[in-house]
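Taking it in order: structure first as structure tokens, then the write-up.
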């Protein structure tokens, strides 16, 4: 029991640095044990005590974990987009706090972690651009989040807001929009986007 108490204290100490999201690599650096059996027994003990929960294979979370950080650690090459970015830029109103949408290359994947949901939609390599890294998390610039939203709307993606009435396009830089549209090959999509600014 004393060992568990000590281990829980170590997890709490490092939790803020990793936003409550621990990969196996993180755990191995915190508990540098040579014996794999002892290492996994330690993780199991922390899980049984409620200190850690398994989010997905190879990733563990504390009670107050950060959903954005978890999304990034599940797929390091994904970038946050859609409502998450648009709401922060005040282009739309508030968003569900327990859901994250991100973009990556490859196939769409969805993850349910308790009441939380992470959606990673797939995009072509040609359209994988328009993001920056902030505090270790890749986040779309607002113009790319806007384009991602319209692009996936035309692909049948359902949003909880109305794209025709709820988007404040006055907060977007049309020069950036036009620059980014050069990467899109579909003329119908370009016309659709420009229609929001006429």
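Where a number appears in this text, it was derived from the coordinates with a stated rule and is not lab data. As the structure is a computational prediction, the values presented were derived from the model and not from experiment. Don't worry about glycine lacking a Cβ; one is built from the backbone with ideal geometry, like all the others, and counts go over all protein chains shown.
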* Structure fact -> Helix-only [θ] at 222 nm, the chain, -39500 (n - 2.57) per DSSP H run of 4+, per residue, nearest 500, equals -11500 deg cm²/dmol
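Computed FRET efficiency, Cβ-Cβ of residue 6 and residue 119, R0 41 Å: what is it to the nearest 0.05?
Values: r = 38 Å, r/R0 = 0.92.
Using R0 = 41 Å, I get an efficiency of 0.60.
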* Ordering of 78-88, 15-25, 103-113 by burial proxy (mean other Cβ atoms within 10 Å per residue, highest first) -> 78-88, 15-25, 103-113
* Spin-label point model (7 Å from Cα, Cβ direction): what's the residue 31 to residue 89 distance in nm? -> 4.3 nm
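Considering only DSSP beta bridges where both residues belong to the chain, give the percentage that are antiparallel (nearest 5).
70 percent
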* To do: In whole angstrom, note down how far apart the Cα centers of region 33-100 and region 106-170 are.
  => 18 Å
* Asked: log₁₀ I(q)/I(0) of region 58-143 at q = 0.16, 0.23, 0.26 Å⁻¹, via Debye over equal Cα point scatterers, no solvent, to two decimals?
  -> -0.60, -1.23, -1.48
* To do: For residue 53 and residue 153, calculate 0.36 nm times their separation in residues minus their Cα-Cα distance, and state this gained length in nm to one decimal.
  => 32.6 nm
